[in-house]
1. Look at region 367-380 and say how many of its residues are crowded, with 20+ Cβ neighbours inside 10 Å, assigned to a loop (DSSP other than H, G, I, E, B) and touching a helix residue (DSSP H, G or I) at 6+ places or on another chain (Cβ under 9 Å).
2. If you go through region 250-259 one residue at a time, do you hit one that is surrounded by fewer than 12 Cβ atoms within 10 Å (Cβ to Cβ), under 16 Å from residue 322 (Cα atoms), under 24 Å from the mean Cα position of the chain (by Cα) and touching a residue at least 12 places away in the same chain (Cβ under 8 Å)?
3. Taking the residues in region 381-404 that are within 15 Å of residue 371 (Cα to Cα) and surrounded by fewer than 18 Cβ atoms within 10 Å (Cβ to Cβ) as candidates, determine which candidate is modelled with the highest pLDDT.
4. Just to be sure before I move on: is residue 389 touching a helix residue (DSSP H, G or I) at 6+ places or on another chain (Cβ under 9 Å) and under 15 Å from residue 47 (Cβ atoms) in the structure I sent?
5. Of the conditions (1) within 15 Å of residue 62 (Cβ to Cβ); (2) part of a loop (DSSP other than H, G, I, E, B), residue 309 clears all except one; give me its number.
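The values are calculated or read from the model by the stated rules, or taken from the named source; none is laboratory data. From a predicted model like this one, the values you see are computed outputs, not experimental measurements. Here the Cβ positions follow ideal geometry from the backbone for every residue, glycine too, while neighbour counts run over all protein chains shown.
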């Protein structure tokens, strides 16, 4: 009986000790019955809602391209007799780059010159014949007129046969004059046709000299002396250009602007361009944009013209471009790290006057690299939790530690 009592008493003491151990362990882990954890408030970094000048910008990489670039083809087919330029040569507009040898065209041009000379001689011959026939017609017409006047003055003085012969000669000479005029006109038309053919062949002959369409630099040479060059207007052959020419005194910086900010881009917007290869910053402005989105990338091509007279910028270089999208003075702002975003909303953890965390939905506006504008949901002077929000929950009491605000835009 005594042993039984001792066993029961030991069991009771063990249970009590287990309960005490469990409660002590629970208290050590801070897990008391207070759902808000108010027993020992956790420290938290907070920031104050402040008014600041906010400037929204976009940083995007772009590539420099020539302002103009073209493969220079030959208008007519021929052998490359001489090429005067090579890769890297700077050329001026209308400078001769190469000359073609076109024997067939030379022969055709010589034939056209001969045809023009022959047509000019035919005109001289026709004009001379017209002058002769006009003189003969004038004589015949005068003779007929005198006989007619004499016959009318004295009836029977001139025989009717003689009068009829004179009239026939007058009419015949007149017809010959008309025929000579027609022959002269035909000769003149032949000359015009010959001159048109001569002009066309001369124009084709001029195309045997390949000239530069604009000031630029030769970036590629495709052919060497003696190569057979096909006509650039041929549609059934793979024509080979002579050289590739690029205008680099001014370059295009091409940017792909995301759809989300495409509507905020305007011609004349000031940009800052940093070229890492040169470790140099340049100033510019938006020159043009496509005003249409690429269906594959959902971006809008935008171009900035960059002067390059000293040739420091090289086509193909990448540049980091800062575009200013908008600015707001005295905007109500908070640090970016205080905001949690989803697809359709944004929230912050506000700290009320009793240092209790409350989740609040907010409406956002402009933002830069450090701060974001609050359009609705907070007031000036409110406090919000910054940093890792997973450590805090709605309704929890905290020990706020106000962090001094970072100057707007410092994160750039």
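1. Of the residues in region 367-380, 1 are crowded, with 20+ Cβ neighbours inside 10 Å, assigned to a loop (DSSP other than H, G, I, E, B) and touching a helix residue (DSSP H, G or I) at 6+ places or on another chain (Cβ under 9 Å).
2. No, that holds for no residue.
3. Among those residues, the one meeting the criterion is 403.
4. yes
5. (1)
Conditions tested, residue by residue: (1) over 46 Å from the mean Cα position of the chain (by Cα); (2) surrounded by 15 or more Cβ atoms within 10 Å (Cβ to Cβ); (3) outside the structural domain of residue 91 (by TED's automatic domain parsing); (4) more than 27 Å from residue 84 (Cβ to Cβ).
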residue	(1), (2), (3), (4)
161	yes, no, yes, yes
167	yes, yes, yes, yes
170	yes, yes, yes, yes
182	yes, no, yes, yes
221	no, yes, no, no
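Residue-by-condition table, conditions (1) in a strand (DSSP E or B); (2) out of contact with any helix residue (DSSP H, G or I) (no Cβ under 7 Å at 6 or more places or on another chain):
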residue	(1), (2)
60	yes, yes
70	yes, yes
82	yes, yes
104	no, yes
120	no, no
126	no, no
149	no, yes
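For (1) part of a helix (DSSP H, G or I); (2) touching a strand residue (DSSP E or B) at 6+ places or on another chain (Cβ under 8 Å); (3) modelled with pLDDT of 95 or more; (4) not assigned by TED's automatic domain parsing to the domain that holds residue 289, each residue gets a yes or a no:
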site	(1), (2), (3), (4)
185	yes, no, no, yes
190	yes, no, no, yes
201	yes, no, no, yes
235	no, no, no, yes
263	yes, no, no, no
